[in-house]
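All remarks here apply to the structure that follows.
What follows is calculated from the coordinates using simple rules that are stated; it is not laboratory data. Treat the numbers as computed from the prediction; the structure is a model and nothing was measured. In this analysis, Cβ positions are derived from the backbone assuming ideal geometry, glycine residues included, and neighbour counts consider all displayed protein chains.
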Amino acid sequence: MKKLLSCFLSFCLLMPFSACKQKESEHSATQIMMDTVVTISVYAESSDILTGAFELCKHYEQLFSRTIDTSDISRINNSNEKAVNVDPETLHLLKTALEINEKSNGAFDFTITPLVELWNVNKATDPPTDDQISTLLPFVNSRFVELKDNSVTVTNGCKIDLGGIAKGYIADKIKEYLTKNGVTRGTINLGGNVMLIGDNNGAQYNVGIQKPFAKAGETALTIKLSNKTAVTSGIYERYFEHDGNIYHHIIDPKTGYPVENNIASVTIIAESSIIADGLSTACLVLGVDEGKHLAELYGAQTIFIMKDGTIIVSDGLSVDQNGELPCVKMK
Ligand code: AMP
Ligand code: MG
């Protein structure tokens, strides 16, 4: 069986590292963090570096989580319209989120929180009513968020949820930490946000993309990739079914309903995982044409898997259909 570095939520196999510097060997660890499975693998002299990487992850979870009372995001959400001093990194993340909000014409909107809470797709069994949805829509607008040098003010009852972008930022920061500490080869998988450091001993990694709605670990396609990030947003990741309809976790800020189009998942390939993460969510909302256009603004590549299984890739990618599975490569 082919070994794949997988974008799946709960599954990660590494291509074997081989023929490396003498004292170095592969070290890998998995922890549940940020409500997801985090696996970090490096080629290094000792596994100590992984401890620091997971501590970093925990540090960012404490800053950005909407459900941790003391986080910067909770303090902003509970601020009653008063300015809140936040960590410079929270400001940076919010600035990037605002930029993607603008460039996506509001498709990516990190003030979608009241509707995320209303739909509560992890627990709900019934959809909310139209009235409940239309009551909350006026609170959704990233323009209600004002950023200053070291503080954030939110108005009009708006609340922030960085679930669509924070993991990407954390993946970037873990990569930075590992490379600063001498790691030249490794992989970071934050529940489907895959970041690659270097290549796989002269070859490319095979990143497996989950087949939508199939058993976890079943692959729709593979991507040959090195030293880049691949981030997937899929409507199969979190959802409930009611009366034969699927209600998933990515909400269209214009309607307040889970996005309804013919896309099952979007994978973004880029240098920066914060960008790829924001774009993957935005592209799922925008659809193929507008999504591709948005990704182009950032020099990123897109892979759309449609509900009927069709694969649509951007101009910088090619698809080899000759193997067991479609294999996507950078041109
Ligand atoms: P991702 O898996 O990166 O696409 O992020 C999905 C998460 O982002 C959801 O679970 C929500 O927390 C949040 N979210 C949902 N809809 C949107 C949206 N339109 N814009 C920004 N964030 C969203
Ligand atoms: Mg995202």
Over the chain: helical MRE at 222 nm, DSSP H runs n ≥ 4 each giving -39500 (n - 2.57), nearest 500: -8500 deg cm²/dmol
Separation between Cα centres of the range 178-243 and the range 109-127, rounded to whole Å: 26
Between helix 288-297 and the chain: long-axis angle, C-alpha atoms, 0 to 90°, nearest 10: 70
³J(HN,Hα) computed for each position of the range 177-185 - Karplus, 6.51 cos²θ - 1.76 cosθ + 1.60, integer Hz, glycine/proline x: 4, 5, 5, 4, 9, x, 6, 10, 8
Distant-in-sequence amide H partners of residue 259 (H built 1.01 Å from N, under 5 Å): 250, 251, 252
Likely footprinting exposure, 47, 265, 280, fewest C-beta neighbours within 10 Å first: 47, 265, 280
Space enclosed by the convex hull of the alpha-carbon atoms of the range 152-203, per residue, Å³: 82
Förster radius 45 Å - calculated FRET efficiency between residue 236 and residue 147 (Cβ-Cβ, nearest 0.05): 0.85
For residue 37, distant residues with modelled amide H under 5 Å away: 191
Between the range 257-331 and the range 89-106, the Cα center-to-center distance that results, in Å: 20
Residue among 204, 31, 62 with the largest mean-square fluctuation in a Gaussian network model of the chain, springs linking Cα atoms under 10 Å: 31
For the chain, the spread of Cα positions along each principal axis, largest first, Å: 60, 44, 36
Proxy reagent accessibility, fewest Cβ within 10 Å first, across 312, 235: 312, 235
Loop-resident sites, the range 55-131, for GluC sites (Glu not before Pro), counting at most 16 other Cβ within 10 Å (DSSP): 81
Crossing angle, helix 273-286 versus the chain [Cα axis fit, 0-90 degrees, rounded to tens]: 60
Entries in 95/123; 159/228; 82/173; 211/329; 292/329; 103/254 that, when Cα-Cα distance is taken, lie over 20 Å: 95/123; 159/228; 82/173
Max mean-square fluctuation residue, GNM over the chain, Cα-Cα springs under 10 Å, options 200, 122, 156: 122
Packing-based exposure ordering (other Cβ within 10 Å, fewest first) of 167, 103, 159: 103, 159, 167
In order through the range 110-122: 3J(HN,Hα) via Karplus (6.51 cos²θ - 1.76 cosθ + 1.60), integer Hz, x for Gly, Pro: 7, 9, 6, 2, x, 7, 4, 5, 5, 5, 6, 4, 5
Degrees separating the helix 88-103 axis from the principal Cα axis of the chain, which is the longest one: 80
